[in-house]
1. Give the residues of region 13-34 that are among the β-branched types (Val, Ile, Thr) and closer than 17 Å to His46 by Cβ, sorted by residue number.
2. With touching a Leu at 6+ places or on another chain (Cβ under 6 Å) and of a type outside the set (Ser, Thr, Tyr) as the only criterion, which of Val73, Val41, Val60 stands out?
3. Would you mind finding the one in Gln93, Gln117 that is among the polar types (S, T, N, Q) and either in a helix (DSSP H, G or I) or modelled with pLDDT of 95 or more (or both)?
4. What single numbered condition from (1) within 27 Å of Pro108 (Cα to Cα); (2) over 13 Å from the mean Cα position of the chain (by Cα); (3) small (Gly, Ala, Ser); (4) surrounded by 11 or more Cβ atoms within 10 Å (Cβ to Cβ) fails to hold for Gly80?
5. Could you run through region 71-90 and say how many residues are under 23 Å from Ile47 (Cα atoms) and part of a strand (DSSP E or B)?
6. Restricting attention to region 55-77, and to residues there that are charged (D, E, K, R) and surrounded by fewer than 16 Cβ atoms within 10 Å (Cβ to Cβ), which single residue is modelled with the highest pLDDT?
7. Which residues, counting only those in region 1-13, are surrounded by 11 or more Cβ atoms within 10 Å (Cβ to Cβ) and farther than 15 Å from Val95 by Cα?
8. Considering only region 37-53, I want to know if a residue exists there that is of a type outside the set (Asp, Glu) and over 26 Å from Met1 (Cβ atoms).
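The values are calculated or read from the model by the stated rules, or taken from the named source; none is laboratory data. These numbers were taken from a predicted model, which means no experiment stands behind them. Backbone-built Cβ (ideal geometry, glycine too); neighbour counts: all protein chains shown.
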Amino acid sequence: MDNCIFCKIVRGEIPSRKVYEDEHVFAFHDINPLRPVHVLVIPKRHIESLAHASEADAPVLGRLLAVANKIAVDQGSPEGFRVIINTGRIGQQEVPHLHAHIVGGDAPVGPMLKRIQGD
């Protein structure tokens, strides 16, 4: 995808603070971190969202999750962290390239979801 911001980051056309890279995935610091540790891990090959992933994508999805622990620990979250994959409009995915947020730090990250009024 020529205009995808994350594809441009993988190609080196847009600078990033790289944390990890192998043949399948690329990880970099979020430009607007929400926690002391906030790293994005993306597949190098463009996959629009988790809803667009297929059985053929299992190796890269597995790799993405397998490196999440190493990245979290290396970045300062050895006692726990959260991995978030937002998907589509309802899931509040902001960039149409599959990505996982690794968030953590020295304090609990808070509740998984806030209740909607009326629940």
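1. Ile14, Val25
2. Step by step, each of Val73, Val41, Val60 is checked, and only Val41 is touching a Leu at 6+ places or on another chain (Cβ under 6 Å) and of a type outside the set (Ser, Thr, Tyr).
3. That would be Gln93, the only listed residue that is among the polar types (S, T, N, Q) and either in a helix (DSSP H, G or I) or modelled with pLDDT of 95 or more (or both).
4. Against the list (1) within 27 Å of Pro108 (Cα to Cα); (2) over 13 Å from the mean Cα position of the chain (by Cα); (3) small (Gly, Ala, Ser); (4) surrounded by 11 or more Cβ atoms within 10 Å (Cβ to Cβ), Gly80 comes up short only on (4).
5. Within region 71-90, residues that are under 23 Å from Ile47 (Cα atoms) and part of a strand (DSSP E or B) number 3.
6. Step one: filter region 55-77 for residues charged (D, E, K, R), giving 55, 57, 63, 70, 74.
Still in the list and also surrounded by fewer than 16 Cβ atoms within 10 Å (Cβ to Cβ): 55, 70, 74.
Numbers: Glu55: 97, Lys70: 93, Asp74: 94.
So, considering only residues that are charged (D, E, K, R) and surrounded by fewer than 16 Cβ atoms within 10 Å (Cβ to Cβ), the one modelled with the highest pLDDT is Glu55.
7. Scanning region 1-13 gives a single hit, Arg11.
8. yes
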